[in-house]
Amino acid sequence: MLEIGLIVNPMAGIGGAVGLKGSDGAAIVEQALALGAEKKSGLRTRQALGVLADVREQCHFVTCPGEMGADWLAAEGLAFEVLDLGLPLAPTTAEHTRKAAELMLQRQPALLLFAGGDGTARDICAVVGDQLPVLGIPAGVKIHSGVYGITPKASGEVIHRLVTGQLVDVREAEVRDLDEDAFRNGQVRARHYGDMRVPQEGHFVQAVKQGGVEVEELVLADIAACIREEMEDDCLYLIGSGKTTLAITEELGISGTLLGVDAVINGELLAADVNEAAIWQLLQEHPQHKAILSVMGGQGHIIGRGNQQFSARILRALGRENLQLVSTKTKIRGLDGRPLIIDSGDPQLDQDWAGVLEILTGYQDRILYPVA
């Protein structure tokens, strides 16, 4: 029987849908809750654990109380033992994560599974380092580190292979995190905080997000010019985050948000850095609408990494046919044939939107590329 540790950060990703670009710190968590944010990490943990339904008799978990693990294991009918953290359970903080990691290190499970974002990975790495194999369930806003499955279900698939005795490589992967204050001010400052040993299997585990990628300014200008020419009158355009999409707002002569979502209509900025609730309201007010999103370099995500404002309900209301992807060919080649990834938090939607999507890669230059 395989013993697996589980640590869940209940607050991971809570700032994403409300446009706060992170969830590090009590003040941001409080602000996110005041804006109506909902906790997502429990649901994403259950999506990963659900993959283990047919092997539940072959694994045993050691975990934390309540929302930090026990609640989700009980909901999936998996056997577990609860560790005493010796801390009040609410509100949970980084201290809870680090204390749980210390207890896991003492226990030495075969694998430590955790749900969170880059801040959670940092906390666990600071305690565990390379002393335990670890695997992350992606549940945060910022997920640049290479220690996570590409989706919650993919994390579960890796564990399923371990439990059933299939060969799974273990390799060192980087833990990276951004300065959230700089991030909110449109600056990307990433640091390497260490390495952890992560089971690798096929395309289930994501790469480290590329930093410092060469900006092909002429190509970006071509993409932006093409988008501007094709924009329809009285159509709401939701322009996602990233340098590629920022070139579009620059082409329009408006001040765009590098790391947020901007609403544009008739070439004018309607609203800047909108959150999920604001996007929902705009979609009700503007029946003609489109979203312009870029591809995340190195990983291939188009939904679920830094743009959680595009929730499952937003995507359904938007419609797959109204999604316009933009990317340089250099970024696409960097995927080495790996498919694009949609990690909306809703497995059915992710499956429904799989297939092939068109990507604008230059002026009137488009390619077709697979979506997992």
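The values are calculated or read from the model by the stated rules, or taken from the named source; none is laboratory data. Values in this document were obtained by computation on a predicted structure and should not be read as measured data. Backbone-built Cβ (ideal geometry, glycine too); neighbour counts: all protein chains shown.
A few points about this structure:
- Considering region 347-372, the residues that are among the charged types (D, E, K, R) and in contact with a strand residue (DSSP E or B) (Cβ under 8 Å, 6 or more places away or on another chain) include one that is nearest to residue 325 (Cα to Cα), namely 358.
- Residue in region 77-87 that is closer than 29 Å to residue 303 by Cβ, out of contact with any strand residue (DSSP E or B) (no Cβ under 8 Å at 6 or more places or on another chain), assigned by TED's automatic domain parsing to the domain that holds residue 45 and buried (at least 19 other Cβ atoms within 10 Å of the Cβ) present: no
- Residue 293 meets all of the listed conditions (1) at pLDDT 90 or above; (2) among the hydrophobic types (A, V, I, L, M, F, W, C); (3) more than 20 Å from residue 140 (Cβ to Cβ) but one, namely (3).
- Against the criterion of being among the β-branched types (Val, Ile, Thr), outside the structural domain of residue 143 (by TED's automatic domain parsing) and in contact with a strand residue (DSSP E or B) (Cβ under 7 Å, 6 or more places away or on another chain), residue 244 qualifies.
- Lone qualifier among 288, 324, 309 - being in contact with a strand residue (DSSP E or B) (Cβ under 8 Å, 6 or more places away or on another chain) and surrounded by 15 or more Cβ atoms within 10 Å (Cβ to Cβ): 324
- Residue in region 135-143 that is closer than 21 Å to residue 3 by Cβ, surrounded by fewer than 24 Cβ atoms within 10 Å (Cβ to Cβ) and under 22 Å from the mean Cα position of the chain (by Cα) present: no
- Hey, residue 363 in contact with a helix residue (DSSP H, G or I) (Cβ under 6 Å, 6 or more places away or on another chain) and either hydroxyl-bearing (Ser, Thr, Tyr) or surrounded by fewer than 18 Cβ atoms within 10 Å (Cβ to Cβ) (or both) or not: yes
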